[in-house]
Amino acid sequence: MNMMISELYDALMSAGADEAKARRAAEGMATSDQDFRKQFGELREDNQKMRTEMADLRGELKSEMQALRGELKGEMAGVRLEMQALRGELSTIKWMGGVMIALAAAILARVLFV
């Protein structure tokens, strides 16, 4: 018996328990203590495995996020180029509209005042 079990055995004996019962109780506690320590050790191992898996998943997530950022930046650059092209076309359309209005005003003035 280890120290803790000896103390339990002595306490049961001093409380007036039968020697056989005190011994069985002390041995049962030793077994329970060993089972508890084993389960606690297994839980620690499982916890460490989960921490490792979470760290791996965190790394994977970071790399995927960086890849998505790169793709998004590329797409945004393409959208910006398209917007610049549309601005150029819109500017051309504005000039064409202005010229058409000026021609229409000139024709109207010629028809009315000549």
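General remarks:
- Residue that is surrounded by the most Cβ atoms within 10 Å (Cβ to Cβ), among those in the range 1-42 that are among the charged types (D, E, K, R) and touching a residue at least 12 places away in the same chain (Cβ under 8 Å): Arg23
Each row is one residue, and each column tells you yes or no for (1) of a type outside the set (D, E, K, R); (2) assigned to a helix (DSSP H, G or I).
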site	(1), (2)
Ile5	yes, yes
Ala17	yes, no
Lys38	no, yes
Thr52	yes, yes
Leu57	yes, yes
Gly70	yes, yes
Leu81	yes, yes
Ala85	yes, yes
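Where a number appears in this text, it was derived from the coordinates with a stated rule and is not lab data. Predicted model, so just to flag it, every value in this text is computed and none were measured. Cβ coordinates were reconstructed from backbone atoms using ideal geometry, including for glycine residues, and neighbour counts include every protein chain displayed.
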